[in-house]
Amino acid sequence: MEYEVNKGKVKISGVDITNPIIYDNDWFEDVCDDELMGAIASLYGNLMGIIVTRDMNDDFDIEDEMREAKESVNRMKNSNMQYIPDPVYGAENQLSCPAGGKIEDTEYKRTEGSELIVKEAHKASTEKPLLVIIGGQPTTAATAYLQDSGIADKVVIFHVSPTVYNGVDTWAAYICSQKFRWVEWGTKQWWHKEDEPLSPRILPQNKFKELPENEVCNHLRDWTELPRWTNGDDPYYGDPGDGAPALWLLDPSVWSDIRKINTCYKRGEFILKDTKDEDFDGLSAISTKKDMYKMGKIFFRVMKDPKVYHKH
């Protein structure tokens, strides 16, 4: 992966806000990133798909997750957001490491989501790749590679974090990190250390009152009235999360440092390893320094933009 840090901004070769994007997530009501992705689609017309990959942490029903996604998309369309794709089904079950440990021998099941990634990747190029922003398990993206390895150099993966809640499918995470240009965005944990909660909130509740009147923004205001927001038990709830790399695409200054890593797979565990330049495999990196408060300001700036709702 070719990148540079210049004047406090991380830049990845061939990657900016104009690249084609696919957003792949599980739940659509625990963060406001789906609304952000809709805003980007409406401004730039480059959201090529929305994929719902099942939350594999428990016996969750993908239909519940798809219902949330469809409701979110309907609110966007009813708010006059443009170029919003309908969600499609991604993977429901984890991939398993084959007996011989060879990626290409992995058994998989095609889905609408993996077919979509393959289709859009072939429209992209190494120089202007498809960006797949993953807020859940990376299973659908890994399946796309298994279907068609020819897409490998035409895709860049941004994954919220493959080593905690969204890292249940460890083999899929390993495949993505080995075969695609891959950025571990969440830095092996949530956005900030658990013993160092940010105050005030990154997305202050009162700022949502400044958003325009429409179904999307009214829903966001209602969302901030939920007990999980207001009781203070979860100081991170509502932070930019699953789709937050999109905020970097809008303003590269929110991401100011990057670290090269290698990855390996041992006894069912996906492992990130710091590496020296001479050992770097050229594919994987981990984001380190991010300006969360600036990210919050960008979120509100975009969601207030009349052009998002095609009002001029």
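Filter the range 79-126 down to residues that are of a type in the set (Lys, Arg) and over 24 Å from Ala39 (Cα atoms), then give me how many there are.
3
Name the residue that is modelled with the lowest pLDDT, counting only residues in the range 147-161 that are surrounded by fewer than 24 Cβ atoms within 10 Å (Cβ to Cβ) and assigned to a loop (DSSP other than H, G, I, E, B).
Checking each candidate, the answer is Ser161.
For the range 78-93, state whether one or more residues are of a type in the set (S, T, N, Q), over 17 Å from the mean Cα position of the chain (by Cα), modelled with pLDDT of 95 or more and not in a loop (DSSP other than H, G, I, E, B).
Taking the range 78-93 as the starting set, the residues that turn out to be of a type in the set (S, T, N, Q) are 78-80, 82, 93.
Next, from what is left, pick out any that are over 17 Å from the mean Cα position of the chain (by Cα): 78-80, 82, 93.
Add one more test, that the residue is modelled with pLDDT of 95 or more, and what stays is 78-80, 82, 93.
Right, trim to not in a loop (DSSP other than H, G, I, E, B) and you get 78.
Scanning the range 78-93 turns up at least one residue that is of a type in the set (S, T, N, Q), over 17 Å from the mean Cα position of the chain (by Cα), modelled with pLDDT of 95 or more and not in a loop (DSSP other than H, G, I, E, B).
Checking Asn93 against (1) in contact with a Lys or Arg (Cβ under 8 Å, 6 or more places away or on another chain); (2) of a type outside the set (D, E, K, R); (3) without any contact (Cβ under 8 Å) to a residue 12 or more places away in the chain, which single condition isn't satisfied?
Answer for Asn93: the failing condition is (3).
Just for the range 99-117: of the residues that are closer than 15 Å to Ala152 by Cβ, surrounded by fewer than 21 Cβ atoms within 10 Å (Cβ to Cβ) and of a type outside the set (Ser, Thr, Tyr), which one is farthest from the chain's Cα centre (by Cα)?
Only one residue fits best here, namely Glu104.
Within the bounds of the range 99-112, is there any residue that is free of Cβ contacts under 8 Å to residues at least 40 places away in the same chain, of a type outside the set (Asp, Glu) and closer than 23 Å to Ile12 by Cα?
No.
Just checking, which of Arg75, Arg67 is in contact with a His (Cβ under 9 Å, 6 or more places away or on another chain) and assigned to a helix (DSSP H, G or I)?
That would be Arg75, the only listed residue that is in contact with a His (Cβ under 9 Å, 6 or more places away or on another chain) and assigned to a helix (DSSP H, G or I).
Of all residues in the range 69-91, which are surrounded by 18 or more Cβ atoms within 10 Å (Cβ to Cβ) and under 28 Å from Leu146 (Cα atoms)?
Ala69, Ile84, Pro87, Val88, Tyr89, Gly90, Ala91
Of (1) in contact (Cβ under 8 Å) with a residue 24 or more places away in the chain; (2) under 28 Å from Arg259 (Cα atoms); (3) surrounded by fewer than 19 Cβ atoms within 10 Å (Cβ to Cβ), Asp33 satisfies all except one. Which?
(3)
Scan the range 287-297 for residues that are surrounded by fewer than 20 Cβ atoms within 10 Å (Cβ to Cβ) and either in contact (Cβ under 8 Å) with a residue 40 or more places away in the chain or touching a helix residue (DSSP H, G or I) at 6+ places or on another chain (Cβ under 7 Å) (or both) and report the count. It would help to see each step written out before you state the result.
Step one: of the range 287-297, the residues surrounded by fewer than 20 Cβ atoms within 10 Å (Cβ to Cβ) are 288-289, 291-294, 297.
Subset that is either in contact (Cβ under 8 Å) with a residue 40 or more places away in the chain or touching a helix residue (DSSP H, G or I) at 6+ places or on another chain (Cβ under 7 Å) (or both): 288, 291-294.
Adding up the residues that qualify gives 5.
Return a yes/no flag: does the range 54-62 have any residue that is part of a helix (DSSP H, G or I) and surrounded by fewer than 23 Cβ atoms within 10 Å (Cβ to Cβ).
Yes, some residue in the range 54-62 is part of a helix (DSSP H, G or I) and surrounded by fewer than 23 Cβ atoms within 10 Å (Cβ to Cβ).
Name the pairs whose Cβ atoms lie under 6 Å apart, with the first residue in the range 244-271 and hydroxyl-bearing (Ser, Thr, Tyr), the second part of a helix (DSSP H, G or I), and 6 or more positions between them or separate chains?
Thr263/Ser177; Tyr265/Tyr174
Please enumerate the residues belonging to the range 162-180 that are part of a loop (DSSP other than H, G, I, E, B) and crowded, with 24+ Cβ neighbours inside 10 Å.
Of the range 162-180, the ones part of a loop (DSSP other than H, G, I, E, B) are 162-164, 168-169, 180.
Selection gives Pro162, Asp169, Phe180.
Go through the range 10-30 and give me each residue that's part of a loop (DSSP other than H, G, I, E, B), among the β-branched types (Val, Ile, Thr) and either in contact with a strand residue (DSSP E or B) (Cβ under 7 Å, 6 or more places away or on another chain) or surrounded by 22 or more Cβ atoms within 10 Å (Cβ to Cβ) (or both).
Val15
All but one of (1) of a type outside the set (S, T, N, Q); (2) modelled with pLDDT of 95 or more; (3) closer than 16 Å to Phe299 by Cβ hold for Asp33; state the number of the condition that does not hold.
Among (1) of a type outside the set (S, T, N, Q); (2) modelled with pLDDT of 95 or more; (3) closer than 16 Å to Phe299 by Cβ, Asp33 violates only (2).
The values are calculated or read from the model by the stated rules, or taken from the named source; none is laboratory data. Since the model is a prediction, treat every value here as computed from it, not as a measurement. FYI the Cβ positions are ideal-geometry reconstructions off the backbone, even for glycines, and counts take in every protein chain you see.
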